[in-house]
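Since the structure comes first, as structure tokens, the remarks are kept for the end.
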Amino acid sequence: MGTLVRAVAETRDTDRAHHALLAAFGRLRELDELLSDYKPDSELNRLCRAGRLRVGEDLFRVLEMAQRVAEESGGAFDVTIGDRSRASTYRDIELDSTTRTVSLRKPGMKLDLGGIAKGYAGDEMVRVCRAHGCARAMAAVSGDIALGDGHWRIELEAAQQTFALKNCGASTSGDTNRRHIFDARTGEYVEGVWLVSVIAPTGMQADALATTLRVLGEEQGRAIAARHRARAWFRRVQ
């Protein structure tokens with residue numbers, strides 16, 4: 001996924017932790033082959049070329065959440081952002097849950113899961129660790145964090161606080177000294193330099209919501225966060 005990944009499993013059984021982490025990183029590599037927009041033969045890019053494809057459970061699950069957040073936010077979150085010409089929007093994606101078929105209604109659509117796939121990958125790494133007997137696990141895929149059992153101390157930049165967390169996801173999105181968050185609705189970068197931090201039930205939700213709330217701003221963003229039982233913090237950097 002073109003980023004740094006760190007995973008931790010807490011247990012007294014070193015061999016168990018070793019096998020759990022090997023399996024978790026194996027799962028990460030599998031997801032990278034499916035969800036990456038950088039790899040020409042990924043399932044995501046095969047869908048974009050075909051325009052209509054019966055996809056696997058992972059890609060369908062990520063697209064379902066992406067479409068939910070897109071609809072709730074009026075397109076502030078939109079995985080068709082891969083096409084910066086904005087010739088298409090999330091409304092041009094059709095999901096059939098019965099057959100797990102995805103249809104792209106316009107030719108040449110480019111999907112980018114960069115705002116949601118890392119959180120999902122973290123969730124899956126923690127799930128795999130749990131399945132291998134290491135429920136106390138943490139995965140950080142870039143700045144998107146998924147947490148299992150235990151009490152993990154996580155510092156959230158926008159909140160400027162450290163929290164003891166477990167069985168949830170946490171993510172921070174925004175700018176440090178320049179604007180780089182793209183608003184799919186306008187095709188322009190979002191004004192202002194802000195940080196937004198989110199704690200949500202899953203890493204996938206936290207990942208998608210952090211970006212969405214940065215685009216929407218505090219007033220609208222808090223309403224979206226509440227629908228996902230998430231907490232959010234907003235801080236203006238300059």
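The values are calculated or read from the model by the stated rules, or taken from the named source; none is laboratory data. Just so you know, these numbers come straight off a predicted model, no measurement behind them. Positions of Cβ are backbone-derived with ideal geometry, glycine not excepted, and every protein chain shown enters the neighbour counts.
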Failed condition for L209, given (1) closer than 23 Å to A146 by Cβ; (2) buried (at least 21 other Cβ atoms within 10 Å of the Cβ); (3) modelled with pLDDT under 90; (4) aliphatic (A, V, I, L, M), with all others met? (3)
Under 9 Å between Cβ atoms, at least 6 apart or on separate chains: pull out the pairs that start in the stretch 10-24 with a residue that is more than 16 Å from L147 (Cα to Cα) and end on any residue that is in a helix (DSSP H, G or I) and small (G, A, S). A23/A131
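What strands (runs of 3 or more DSSP E) completely inside the stretch 44-120 contain at least 2 residues that are farther than 24 Å from D32 by Cβ?
Per the criteria, 93-96.
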Within the stretch 145-152, does at least one residue satisfy the condition of being part of a helix (DSSP H, G or I) and of a type in the set (F, W, Y)? no
Only one of (1) closer than 29 Å to E10 by Cβ; (2) surrounded by fewer than 16 Cβ atoms within 10 Å (Cβ to Cβ) fails for G169. Which number is that? (2)
For the stretch 50-90, give me the residue count where each residue is basic (K, R) and either surrounded by 14 or more Cβ atoms within 10 Å (Cβ to Cβ) or modelled with pLDDT under 95 (or both). 4
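Can you find a residue that is within 13 Å of M109 (Cα to Cα), without any contact (Cβ under 8 Å) to a residue 12 or more places away in the chain and out of contact with any helix residue (DSSP H, G or I) (no Cβ under 9 Å at 6 or more places or on another chain) anywhere in the stretch 58-81?
Within the stretch 58-81, none of the residues are within 13 Å of M109 (Cα to Cα), without any contact (Cβ under 8 Å) to a residue 12 or more places away in the chain and out of contact with any helix residue (DSSP H, G or I) (no Cβ under 9 Å at 6 or more places or on another chain).
Evaluate the stretch 109-132: report whether one residue or more is at positive phi and over 18 Å from the mean Cα position of the chain (by Cα).
no
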E155 passes all but one of the listed conditions (1) assigned to a strand (DSSP E or B); (2) in contact (Cβ under 8 Å) with a residue 24 or more places away in the chain; (3) of a type outside the set (A, V, I, L, M); the exception is number (2)
Answer residue from the stretch 133-178, given it is touching a helix residue (DSSP H, G or I) at 6+ places or on another chain (Cβ under 8 Å) and among the β-branched types (V, I, T) and is nearest to D123 (Cα to Cα) among those: I145
When the residues of the stretch 1-29 are narrowed to those that are of a type in the set (A, V, I, L, M) and assigned to a helix (DSSP H, G or I), which ends up farthest from the chain's Cα centre (by Cα)? A17
